[in-house]
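Here it is: the structure, laid out below.
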């Protein structure tokens with residue numbers, strides 16, 4: 001008799017080059033197609049082949065925000081995966097592994113409540129002509145063990161390999177079918193997961209893909225990028241879909257070229273973006289100042305990884321916040337947005353495009369590896385998304401324009417913006433300080449007027465767009481604060497705390513610039529105690545909040561081992577603080 005589950009955690013383990021990520025993503029897609037909510041996270045070193053990789057998928061009948069709980073099914077493509085993760089297994093767990101290792105692993109499973117499922121992964125994949133098919137045999141085995149439907153898996157495989165040769169598709173289908181049939185014939189089904197109708201308007205996205213989709217919806221027409229993990233998938237996605245959406249995608253020779261491509265295109269009137277990580281953003285800072293001075297709207301996506309220098313290229317961090325807030329010489333306004341999950345990455349990216357053109361300044365979307373590459377079931381609705389291009393002038397508006405002043409001093413700080421070729425719209429655009437017409441000027445009074453004009457622009461953004469998001473009762477004595485990708489882990493932790501009748505208010509900050517100073521200050525003053533969670537060693541947001549509000553958050557939990565927070569860790573920290581009241 002199989003156990004009916006509402007939640008399941010499946011971990012894939014193996015070496016780079018074995019198709020582990022592909023297998024994990026297919027499993028995540030399967031759960032998504034059967035109407036479950038999914039969260040998936042990958043972990044891998046910066047090696048093309050070898051090393052130890054994992055891809056962990058959690059599926060649940062209710063909305064989930066992060067991994068939580070022990071592993072129910074371990075799919076081990078090598079012996080190392082069993083040895084490293086056996087202590088993560090839940091009671092009555094399952095291990096799918098290569099049958100040729102059965103003798104070596106039998107002793108390890110002794111005295112542990114584990115259901116071993118040896119499958120001839122390498123033997124049958126060799127018969128298919130390539131050991132890479134082991135991953136599809138394992139996927140088929142997984143679907144068979146949970147009472148799943150092979151036809152749903154087959155549909156996903158056909159979509160995944162539709163661009164490949166027919167022979168490759170057929171062998172992947174044959175491998176999955178073999179694994180499915182093998183476990184059905186030789187093993188009982190230990191688990192049974194519900195199969196429901198796939199939810200409408202729900203998609204399986206990671207943060208990077210969400211940024212891409214939102215940018216397409218917002219009308220991006222040029223993407224220039226030098227690949228740098230963990231931002232590279234943005235370039236790959238945009239290149240793969242460039243012809244479908246009429247986008248120019250350019251892989252540049254370096255990050256300096258990338259940002260200057262973007263400035264040129266944005267000056268010419270199109271929405272243009274680049275993406276990079278901390279090291280690449282370092283090279284962009286002078287051109288970022290050019291965008292601020294010349295009032296050129298553009299979007300830069302900075303997907304953080306552990307630094308400094310090369311650091312840990314494939315692991316996560318939240319240590320670039322103050323860097324992007326203060327990057328480049330001089331003073332000028334910029335937008336800094338820190339989404340907390342793929343859904344927020346989608347909606348806030350769309351909003352940021354409109355904000356950038358409204359106030360004619362560069363915008364930075366700050367993700368990290370954990371958010372950028374973790375998949376989550378998100379609801380996306382686009383009916384109310386409207387592209388707004390600010391004071392970008394139409395040809396008709398410029399037809400009768402007289403004495404056009406690109407940098408005209410206005411009460412709002414925002415000036416009309418023309419594009420090259422428009423009648424009466426010619427102006428000088430350079431990296432020098434300028435007067436209202438754009439001509440270089442070193443006059444001190446003009447200098448003060450132009451700095452003040454640029455500083456005023458952010459006030460035009462509707463404050464409702466950059467407010468923090470609150471969860472839990474406003475009267476709760478303890479306030480939890482975070483920003484960026486820690487959001488999901490904290491929301492999962494709040495589920496545990498709610499079950500223990502521990503009232504918590506949670507404030508997720510999603511914009512550093514503009515900053516909702518009054519709202520943040522009020523929340524901190526209202527709480528008896530507060531604690532902030534950050535993925536860096538210096539509590540950068542804590543310092544920034546103190547700078548903006550004058551309030552120092554007394555309690556801090558920092559994690560800077562280049563891995564994301566864990567739910568259990570967050571629960572324990574909050575409980576400890578709550579019980580000390």
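Bear in mind these aren't lab numbers, they're just calculated from the coordinates by the rules spelled out. Not measured: the values here are computed from a predicted model. Here the Cβ is made from the backbone with ideal geometry for all residues, glycine too, and neighbour counts use every protein chain on show.
Have a look at the DSSP beta bridges in segment 464-579 and tell me what percent are antiparallel, nearest 5.
Details: 3 of 18 bridges.
Around 15 percent of the beta bridges assigned by DSSP in segment 464-579 are antiparallel ones.
A further question follows. Please give the FRET efficiency for residue 475 paired with residue 424, using the beta carbon to beta carbon distance and R0 = 41 Å, rounded to the nearest 0.05. Can you show the working numbers first?
Values: r = 59 Å, r/R0 = 1.43.
Computed FRET efficiency for residue 475 and residue 424: 0.10.
Quickly work out the residue 286-to-residue 168 label distance, labels modelled 7 Å from Cα along the C-beta direction, and quote it in nm with one decimal.
Simple spin-label model gives 4.2 nm for this pair.
Right, here's the next one. As a test, work out the antiparallel percent of DSSP beta bridges whose residues both lie in the chain, rounded to the nearest 5.
Values: 30 of 84 bridges.
The answer is about 35 percent antiparallel.
By per-residue mean of other Cβ atoms within 10 Å, what is the highest-first order of 365-371, 86-92, 287-293, 159-165?
The most tightly packed comes first, giving 365-371, 287-293, 86-92, 159-165.
Please give the peptides 306-319, 391-404 ranked by average Cβ packing (other Cβ atoms within 10 Å per residue), highest first, as a rough proxy for protection.
Per-residue mean Cβ counts within 10 Å order the peptides as 306-319, 391-404.
OK, next. Would you mind giving the average projected area, over all directions, of the Cα convex hull of segment 479-522 in nm² with one decimal?
3.2
How far, in degrees from 0 to 90, does helix 278-294 lean away from the longest principal axis of the Cα atoms of the chain, to the nearest 10?
Helix 278-294 sits roughly 30 degrees off the main axis of the chain.
Roughly how many nanometres apart are two label points built 7 Å out from the Cα toward the Cβ at residue 447 and residue 432?
Here the answer is 1.4 nm between the modelled labels.
Roughly how tilted is helix 232-245, in degrees to the nearest 10 and between 0 and 90, from the longest Cα axis of the chain?
With rounding to tens, the tilt is 80 degrees.
Need one number: % antiparallel among DSSP beta bridges in segment 204-379, to the nearest 5.
Roughly 15 percent of the DSSP beta bridges within segment 204-379 come out antiparallel.
Can you compute the modelled spin-label distance between residue 575 and residue 253, with each label point 7 Å from Cα toward Cβ, in nm?
For residue 575 paired with residue 253, the spin-label model returns 5.8 nm.
Could you work out how far helix 20-33 tilts from the main Cα principal axis of the chain, as a 0 to 90 degree angle to the nearest 10?
Computed tilt is about 90 degrees.
Could you work out the relative contact order of the chain? I mean the mean sequence separation of Cα pairs under 8 Å and 6+ apart, divided by the number of residues, in percent. Walk me through the intermediate numbers first.
Numbers: 1253 pairs, mean separation 67.9, N = 581.
Relative CO of the chain lands at 12 percent.
Per 5 Å bin, what percent of the C-alpha pairs of segment 464-579 does each bin hold, from zero upward?
For segment 464-579, the pair-distance distribution reads 2, 12, 25, 26, 21, 11, 3, 0.
May I pose another question? Could you order peptides 481-492, 99-110 by the average number of other Cβ atoms within 10 Å of their residues, highest first?
Details: 481-492: 25.8, 99-110: 13.2.
Ranking, from highest mean packing down: 481-492, 99-110.
Please work out the Kirkwood hydrodynamic radius for segment 3-192, using every pair of different C-alpha atoms, and report it in angstroms with one decimal place.
Numbers: mean 1/r = 0.0609 Å⁻¹.
Computed over Cα pairs of segment 3-192, the Kirkwood hydrodynamic radius comes out at 16.4 Å.
Using a Debye calculation, one point per C-alpha and no hydration shell, please list log10 I(q)/I(0) for the chain at q = 0.06 Å⁻¹ in order.
-0.35
Subtract the Cα-Cα distance of residue 409 and residue 518 from 0.36 nm times their separation in residues, and report this length gain in nm to one decimal. Walk me through the numbers before you get to the answer.
Numbers: separation 109, 0.36 × 109 = 39.24 nm, distance 2.83 nm.
My answer for the length gained is 36.4 nm.
How are the C-alpha pair distances of segment 330-464 spread across 10 Å bins, as whole percents from the shortest bin up?
With a bin width of 10 Å, the distribution comes to 11, 33, 30, 17, 8, 1.
Go ahead and estimate [θ] at 222 nm for the chain from helices alone: -39,500 (n - 2.57) per DSSP H run with n ≥ 4, summed, over the residue count, rounded to 500.
On the way: 20 runs with 231 residues, N = 581.
The per-residue figure over the chain is -12000 deg cm²/dmol.
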